[in-house]
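The values are calculated or read from the model by the stated rules, or taken from the named source; none is laboratory data. Predicted, not measured: the structure shown is a model, and the values here were computed from it. Please note: Cβ atoms are built from the backbone with ideal geometry, for glycine as well, and neighbour counts cover all protein chains shown. Keep in mind that these areas ignore ligands, DNA and RNA; they rest on the heavy atoms of the full protein, side chains included. Shrake-Rupley method; radii C 1.70, N 1.55, O 1.52, S 1.80 Å.
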Amino acid sequence: MFSRILIANRGEIALRIIRAARELGVETVCVYSEADREGPWLEFADRTICIGPAPSSESYLRIDRIISAAEIANVDAIHPGYGFLAENAHFAEVCRDCHIEFIGPSPEAMGLLGDKLSCRQMATRTRTPIFPGSKDPIKSQDDAVKLASEIGYPVIVKASAGGGGRGMRIAHNEAALRSGISAASKEAEAAFGNGAVYLEKFLEDARHVEIQVLGDKRGNVLQLFDRDCTSQRRHQKLVEEAPAPGVDPKKREAVAKSAAEMIRRAGYAGAATVEFLMDRDQNFYMLEVNTRVQVEHPVTEMVTGIDIVKETIRIAAGEPLPLKQREVTLRGHSIECRINAEDPDKGFIPQPGLITEFSPPGGPGVRLDTHVRAGYRIPSAYDSLIGKLIVHGADREEAIARMRGALKEFKIAPIKTTIPLHRRLMDERQFTDADFDIHYIERLLKSDNSDVAQKV
Ligand code: ADP
C-alpha cells in the first residue's frame, strides 16, 4: 500500500478521499488554491500545499504545479477525484513519466474509453447496446444525410472528444443536420482541439441509467449494478438512486455484464461508469464511459457495502478486487440529493457567500458527504455542489420517506440551496412512481413559471 498520496481536488470529494485514505493508513497531502485557504477539509489532511490563485486554470488545472507539490511532499500517488484533471489522459501520462501512480486508469485505457467514437467501437465488440449511428467520424455532409435518412430523424451530432455537453447539435431535418455538423465540429475543434463529430439517433424521452464497474490491474472486473440519474436539469444530475427502479432484472443483468466486459477488454484499472439512456420499453443505449469516480458513487456504496473510493486507492496500489462477482449483492435502496448553493427559483444561479446556519440531519440510514459547516464562505470560483445527502432504506419507499425526513431537518442559511426543490421532488408523483424522463424537472419548473405568469 502507498505511504502517502496527494489529492488534486477540493471540497467534498477531497474530504471523501481523505477519509478513505485514513482508513487504509495512508497519509494525505491536499493541494489548494488561495480561494480555498479556509477550506474546512484541509484541517484533516496531513499536509497542505497552496498551488496558486483562485481560477482553476491557475491552480487545480495546473499540471506543473501539482506535480511540483507531489515531488516536494514525496507522495507515491495522486488521486484526481472527479472534474478538474480526472479525465485528462495527458495528466495521467505525466504522472507515469514522473513515477507517481495516477489513481485511475492508464492513459491508454482512458483514451480508448474517453473518446466517444472509439468507445462506441469497443461497445460493439462486447455487444454493449449503443444508439444506431456512425461507426467512423463524419466525412461529408452528404454521407451524414444518407445515414440520417437510414436511422430516421431526430438525430444528434456529437463530438468524439466531447464532454460537458459541448459539441452537440440535435437535428430534426436535413437542413438542421447540415448546419449542425459544421457548428458542432467548429465548437469541438475550439473546445477540444479535435473537430471529429459523429451521428447517432436522438431519443426524446429517456431515463438515464448507468452501471458502476471496478477493474483491477490483474484483469478482474466487477459490476456493481445500476443507478438511476433521471432527475436532472440542463443535463446536470440532481437526484440519483440505486438500484434503478422498475428495471427488468434480466435486462439489467445483461447490460451490466456487457458493460463490465467492455471495461475488462479495455485493460481498465479503477472505477468506471458506463452511462446509458433507457427508453420506455427498457431498451438501453450507451452514452459514454466516465473514467473516474462519480459524484453519485455513494448510492452504490450504500446498496453493495463496497467502499468505492477505498477500492480506487487499493487498485492503484496493485491490490486485487476484494470480492468475486457472485459475492456482490444488493441490499435495499439508496437515494442521493445533491445540495447545491443555487437558487432554483432563479434559473439555478449560483449562490456563493457566507453560511451562518448549518444544521445537518441525522438518524438511521442517513449519510451526509460535505465539506461545509457554519462560518464557511462558499467561494464563487468553483462548482456550486456543497454536499450530498444520502439515505439508505430497506426499499425505495422507505428510502423516500427517510429522505423526506432528512430534508426537513436539514437547515442551511442564509444562502439559497436546492433543499426546498428536493423536498418538493420527494412528494412529486413522477418521482415517487419513477414515471419520469430526463426533462421532467424542467417541465415542472416551467409550469410553475407559467402559473406565475398567468397570475401576474
Ligand atoms: P457529455 O459528455 O458532453 O456530457 P453525453 O454523451 O454524456 O455528453 O450526453 C450529454 C447529455 O445529452 C445526455 O445526458 C443526454 O441528456 C443528451 N444526449 C446525448 N446523446 C443523446 C441521444 N442520442 N439521445 C438523447 N439525448 C442524448
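Points worth noting:
- When residue 385 is tested against (1) touching a His at 6+ places or on another chain (Cβ under 9 Å); (2) of a type in the set (A, V, I, L, M, F, W, C); (3) touching a residue at least 60 places away in the same chain (Cβ under 8 Å), exactly one condition is not met: (1).
- Count - residues of the range 279-292 that are within 12 Å of the chain's Cα centre (by Cα) and either part of a strand (DSSP E or B) or within 19 Å of residue 243 (Cβ to Cβ) (or both): 3
- Residues of the range 44-61 include at least one that is among the hydrophobic types (A, V, I, L, M, F, W, C), closer than 14 Å to residue 12 by Cα, under 25 Å from the mean Cα position of the chain (by Cα) and not in a loop (DSSP other than H, G, I, E, B).
- Residue in the range 191-198 that is open to solvent by 10 Å² or more (accessible area, probe 1.4 Å), of a type outside the set (Val, Ile, Thr) and near the ligand (Cβ under 9 Å from one of its atoms) present: no
This table checks each residue for (1) modelled with pLDDT of 95 or more; (2) among the β-branched types (Val, Ile, Thr); (3) under 24 Å from residue 231 (Cβ atoms); (4) crowded, with 20+ Cβ neighbours inside 10 Å.
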| residue | (1), (2), (3), (4) |
| --- | --- |
| 333 | yes, no, yes, yes |
| 337 | yes, no, yes, yes |
| 343 | no, no, yes, no |
| 366 | yes, yes, yes, no |
| 383 | no, no, yes, no |
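- In summary, helices (runs of 4 or more DSSP H) completely within the range 358-456 and bearing 2 or more residues that are of a type in the set (A, V, I, L, M, F, W, C) and at negative phi occur at 396-409, 419-425, 440-455.
Conditions tested, residue by residue: (1) touching a His at 6+ places or on another chain (Cβ under 9 Å); (2) without any contact (Cβ under 8 Å) to a residue 60 or more places away in the chain; (3) under 22 Å from residue 291 (Cβ atoms).
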{"site": "178", "(1), (2), (3)": "no, yes, no"}
{"site": "181", "(1), (2), (3)": "no, yes, no"}
{"site": "201", "(1), (2), (3)": "no, no, no"}
{"site": "217", "(1), (2), (3)": "no, no, yes"}
{"site": "222", "(1), (2), (3)": "no, no, yes"}
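- Taking the conditions (1) at pLDDT below 95; (2) over 17 Å from residue 189 (Cβ atoms); (3) within 11 Å of the ligand (Cβ to nearest atom) in turn, residue 133 satisfies each one other than (1).
- Looking at 216, 248, just one residue is over 25 Å from residue 309 (Cβ atoms) and either more than 16 Å from the ligand (Cβ to nearest atom) or surrounded by fewer than 24 Cβ atoms within 10 Å (Cβ to Cβ) (or both), and that residue is 248.
- The residue that is nearest to the ligand (Cβ to nearest atom), counting only those in the range 161-175 that are surrounded by fewer than 18 Cβ atoms within 10 Å (Cβ to Cβ) and farther than 25 Å from residue 291 by Cα, is 170.
- Of all the criteria given as (1) within 26 Å of the chain's Cα centre (by Cα); (2) among the hydrophobic types (A, V, I, L, M, F, W, C); (3) within 11 Å of the ligand (Cβ to nearest atom), the one not satisfied by residue 151 is (1).
- Looking only at the range 291-321, and only at residues there that are within 15 Å of the ligand (Cβ to nearest atom) and open to solvent by less than 10 Å² (accessible area, probe 1.4 Å), the one that is farthest from residue 217 (Cα to Cα): 296
- Boolean, residue 183 is in the same structural domain as residue 394 (by TED's automatic domain parsing) and more than 11 Å from the ligand (Cβ to nearest atom): no
- Selected residue (criterion: least open to solvent (accessible area, probe 1.4 Å)) from residues of the range 82-120 that are of a type in the set (Phe, Trp, Tyr) and in contact (Cβ under 8 Å) with a residue 60 or more places away in the chain: 102
Condition check ((1) open to solvent by less than 30 Å² (accessible area, probe 1.4 Å); (2) under 26 Å from the mean Cα position of the chain (by Cα); (3) touching a residue at least 24 places away in the same chain (Cβ under 8 Å)) across all residues:
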{"residue": "139", "(1), (2), (3)": "no, no, no"}
{"residue": "144", "(1), (2), (3)": "yes, no, yes"}
{"residue": "155", "(1), (2), (3)": "yes, yes, yes"}
{"residue": "189", "(1), (2), (3)": "no, yes, no"}
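- The residues listed here are 211, 138; of these, the one that is closer than 30 Å to residue 247 by Cα, more than 10 Å from the ligand (Cβ to nearest atom), out of contact with any Cys (no Cβ under 6 Å at 6 or more places or on another chain) and of a type outside the set (D, E, K, R) is 211.
- Scan of the range 18-52 for residues that are touching a Cys at 6+ places or on another chain (Cβ under 9 Å), closer than 21 Å to residue 307 by Cα and either aliphatic (A, V, I, L, M) or without any contact (Cβ under 8 Å) to a residue 40 or more places away in the chain (or both), ordered by number: 18, 44, 45
- When 191, 272, 244 are checked against the criterion of being assigned to a strand (DSSP E or B) and small (Gly, Ala, Ser), 272 stands alone in meeting it.
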